[in-house]
Amino acid sequence: MAASTAVTANYVLKPPPYALDALEPHMSKQTLEFHWGKHHRAYVDNLKKQVLGTELEGKPLDHIINKTYNNGDLLPAFNNAAQAWNHEFFWESMKPNGGGKPSGELLALLERDFTSYEKFYEEFNAAAATQFGAGWAWLAYANDKLKVVKTPNAVNPLVLGSFPLLTIDVWEHAYYLDFQNRRPDYIKTFMNNLVSWEAVSARLEAAKAASSSSA
Amino acid sequence: MMTVAVTAISSSSLSYSPLLLHSQGPNRRLLQCERNEKRRLATKVAGSGVITAGFELKPPPYPLDALEPHMSRETLDYHWGKHHRTYVENLNKQIVGTDLDTLSLEEVVLLSYNRGNMLPAFNNAAQAWNHEFFWESIQPGGGGKPTGELLRLIERDFGSFEEFLERFKSAAASNFGSGWTWLAYKANRLEVANAVNPLPTEEDKKLVIVKTPNAVNPLVWDYSPLLTIDTWEHAYYLDFENRRAEYINTFMEKLVSWETVNTRLEAAMVRATQREQEGTDTEEEANPDDEEPEVYLDSDIDVSEVD
């Protein structure tokens, strides 16, 4: 089972690593206020209530996620736990003046596993655009390979045995205030103006280190 | 751009090709809503010579601002004018020139559901159906309480109207992700979806609350939908942001059209009785050689029927 990288949560609503208006005009302050300040906060608060007095209380977030995933037969705390984790991971996947292209080891692996950065972009874009209903699209790392994954609702690659490296939230609440139904525009803006390749690279390094140490 | 509309042929015939559908489950039954009778639309030939399949985006039965302040005009502009429209347009593109192109919307939904292993057209078809059903489930000056037979059955099957309301709202609030919550009439069905009750009694015909994910609707289990609330975030985000519970309250108190629900119930009950009398409610016709009728559980859809 893959360990989470960098996101600890421990049921704290951690603020994004930038001011709530810092992603404008690509993602509005209003969106951050709702998405982080209400949706994400509610997942954390509800998780705390749910695990109080149970054997899950006090356990690390990724432990709760894996236990309550329960091989797909989700236990009650899963949705809140996974969404708490996913959202923290999402905020850290972006930065002000983000976008551009990756470099170094990350770019090399993308070119190796997708034949080119453009092909990866296309595949990630397609996954995000075609995840019907609520969910997420991911770049993930497993068995020394990068892949694009799309998941429904609260599911994330941790439960699929992979290291998440990047995510985009495609629940409608993530883009409705700024883009209404124009999900493709949101995805494009995310890729061109928001994604933090530094964060993705750092996660890749951690994932490789974790893989080789458990090999 | 010139569009030449061939005269729309609307047939009131409910017959359809048995050959096409014989491998599906509930294939001999009468289709449900009147409006899903083969509404054979105009085959439009655009000026560019491209032929499009022709499901139409039907407008809601009231102006787009008529539900204010409970559901804003802006929401209708987006929800109907863009989301719903896109489902219809994409469905048409998907099925043009295929077998599905000759069928009614309900038939496309049922066929493409494919026992839970959905074919590509399902999402668009079901969402087109669901949204039309949704607009017709609400009205200006809606809300209040049901009356007559509908109220009697609600009281019979849920204890009281208040109890029903509580459970319906709770189902809608707890439907995680995107989806719909339904009041449906379940006639002659066992607890396992798709299984026909061999010894039906009046008590087996029940009102049930069902919550479904994404585009799924109770037609696929041969229930008769009576009422729905859309809990995809796009349905309430512009007016209520993340306050889904408030949206649900407003929907029930100010929008729901009990008249429409009642009409649908009457039709559902008539249909159920007809099917029993004709014997089309069973699998017999589909299995003339006395084969065991197929009973199957849908693949990993977590649908809960709320008790």
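Estimated purely from DSSP H runs of n ≥ 4, each contributing -39500 (n - 2.57), the mean residue ellipticity at 222 nm for chain A is -13000 deg cm²/dmol once divided by its residues.
With a 10 Å cut-off around each Cβ of A:171-177, the average count of Cβ atoms from other chains is 4.
State to the nearest 20 debye the size of the charge dipole of the stretch B:81-165 about its Cα centre, where the only charges are +1 on K and R beta carbons and -1 on D and E beta carbons.
Values: 7 positive and 12 negative charges, 51 e Å.
For this selection, approximately 240 debye.
Please list B:158-169, B:224-235, A:60-71 highest first by mean number of surrounding beta-carbon atoms within 10 Å per residue.
B:224-235, A:60-71, B:158-169
Rounded to the nearest 0.05, what FRET efficiency is calculated for A:Ala126 and A:Glu198 with R0 set to 25 Å and r the Cβ-Cβ distance? It comes to 0.50.
As an exercise, use a Förster radius of 45 Å and the Cβ-Cβ distance of A:Glu111 and A:Ala22 to find the FRET efficiency, rounded to the nearest 0.05. Walk me through the numbers on the way to the answer.
Working: r = 31 Å, r/R0 = 0.68.
It comes out at approximately 0.90.
Any idea how far the Cα center of the stretch A:177-215 sits from the one of the stretch B:227-278, in Å? The stretch A:177-215 and the stretch B:227-278 have Cα centres separated by 39 Å. Computed on chain A, with alpha-carbon pairs under 8 angstrom and 6+ residues apart, the relative contact order is 26 percent.
Measuring against 24 Å, Cα to Cα, the residue pairs A:Lys38/A:Lys67; B:Lys145/B:Lys186; A:Lys38/B:Lys254; A:Lys188/B:Lys58; A:Lys119/A:Lys150; A:Lys119/A:Lys145 contain A:Lys38/A:Lys67; A:Lys38/B:Lys254; A:Lys188/B:Lys58 as the ones spanning a longer distance. Taking all Cα pairs closer than 8 Å and separated by 6 or more residues, the relative contact order of the stretch B:62-131 comes to 30 percent.
Placing +1 on the Cβ of every Lys and Arg and -1 on the Cβ of every Asp and Glu, with nothing else charged, gives the stretch A:148-204 a dipole about its Cα centre of roughly 160 debye. For the pair the stretch A:98-122 / the stretch B:152-188, the C-alpha centres are spaced 49 Å from each other. In summary, the helical segments of chain A meeting the span-like criteria, namely a full DSSP H run, a Cα extent along the axis of 24 angstrom or more and a mean Kyte-Doolittle hydropathy of at least -1.0, are A:197-214. Stretching B:Glu278 away from B:Leu57 to a fully extended chain increases their span by 76.1 nm, per 0.36 nm per residue minus the current alpha-carbon distance. Below 15 angstrom from the Cβ of A:Ala84, what's the summed charge of the other residues (Lys, Arg +1; Asp, Glu -1)? Charge balance near A:Ala84 sits at +1. Rounded if a/c is under 1.5, else prolate if a/b is larger than b/c, else oblate: which is chain A, with a ≥ b ≥ c the root eigenvalues of its Cα gyration tensor? Oblate, because a/c is 1.5 or more while a/b does not exceed b/c.
Please arrange B:Thr250, B:Thr263 by counting, for each residue, the other beta carbons lying within 10 Å of its beta carbon, fewest first.
Least to most surrounded, the residues fall as B:Thr263, B:Thr250.
Each reported figure results from applying straightforward, stated rules to the coordinates on display, with no laboratory input. From a predicted model like this one, the values you see are computed outputs, not experimental measurements. With ideal geometry, Cβ positions are generated from the backbone for all residues, glycine too; neighbour counts draw on all protein chains shown.
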